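The values are calculated or read from the model by the stated rules, or taken from the named source; none is laboratory data. Here the structure is a predicted model, which is why all the values come from computation and not from measurement. Don't worry about glycine lacking a Cβ; one is built from the backbone with ideal geometry, like all the others, and counts go over all protein chains shown.
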Amino acid sequence: MSPTVFREKGYRFFFFSREEERPHIHVVSANGESKFWMEPAIEVAKNYFHSAKQVKEIEQLIREHQHDIISAWNRHFRSGSY
């Protein structure tokens, strides 16, 4: 299961269930896929084919939606709904 948290500017931001416990978000677009850690700071964990410009744009979107992402993470993973 991979619930979508939000979509914006051609990116889909989502989680993979039954993955690592450390909060993170996956991002996919027509150009590539990335994974960002949410804690202790927002940073790229993995990047496959997103350009440096796209990574900056994605990181900015994550910062803008940080509260929503963490709230969705807690609801999904801490509730045992995965």
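Filtering segment 17-60 to residues that are aliphatic (A, V, I, L, M), closer than 18 Å to residue 73 by Cβ and either touching a residue at least 12 places away in the same chain (Cβ under 8 Å) or in contact with a helix residue (DSSP H, G or I) (Cβ under 9 Å, 6 or more places away or on another chain) (or both) leaves 25, 27, 28, 38, 42, 44, 45, 58. Scanning segment 36-53 for residues that are within 19 Å of residue 7 (Cα to Cα) and out of contact with any strand residue (DSSP E or B) (no Cβ under 8 Å at 6 or more places or on another chain) turns up 51, 53.
Quickly run through segment 52-73 and pick out the residues that are surrounded by fewer than 17 Cβ atoms within 10 Å (Cβ to Cβ) and β-branched (Val, Ile, Thr). Listed by number, the residues that qualify are 55, 70. For residue 12, the conditions (1) free of Cβ contacts under 8 Å to residues at least 60 places away in the same chain; (2) part of a loop (DSSP other than H, G, I, E, B) are fulfilled apart from (2). Of the residues in segment 17-27, not one is under 10 Å from the mean Cα position of the chain (by Cα) and more than 18 Å from residue 71 (Cβ to Cβ). Taken as a whole, the condition of being outside any helix (DSSP H, G or I), touching a Phe, Trp or Tyr at 6+ places or on another chain (Cβ under 7 Å) and modelled with pLDDT under 95 applies to residue 2. Evaluate segment 21-40: report whether one residue or more is of a type in the set (Lys, Arg) and surrounded by 12 or more Cβ atoms within 10 Å (Cβ to Cβ). Checked segment 21-40: at least one residue is of a type in the set (Lys, Arg) and surrounded by 12 or more Cβ atoms within 10 Å (Cβ to Cβ).
Let's see how each residue does on (1) assigned to a loop (DSSP other than H, G, I, E, B); (2) in contact with a Ser or Thr (Cβ under 8 Å, 6 or more places away or on another chain):
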| site | (1), (2) |
| --- | --- |
| 6 | no, no |
| 19 | yes, no |
| 26 | no, yes |
| 57 | no, no |
| 62 | no, no |
| 73 | no, no |
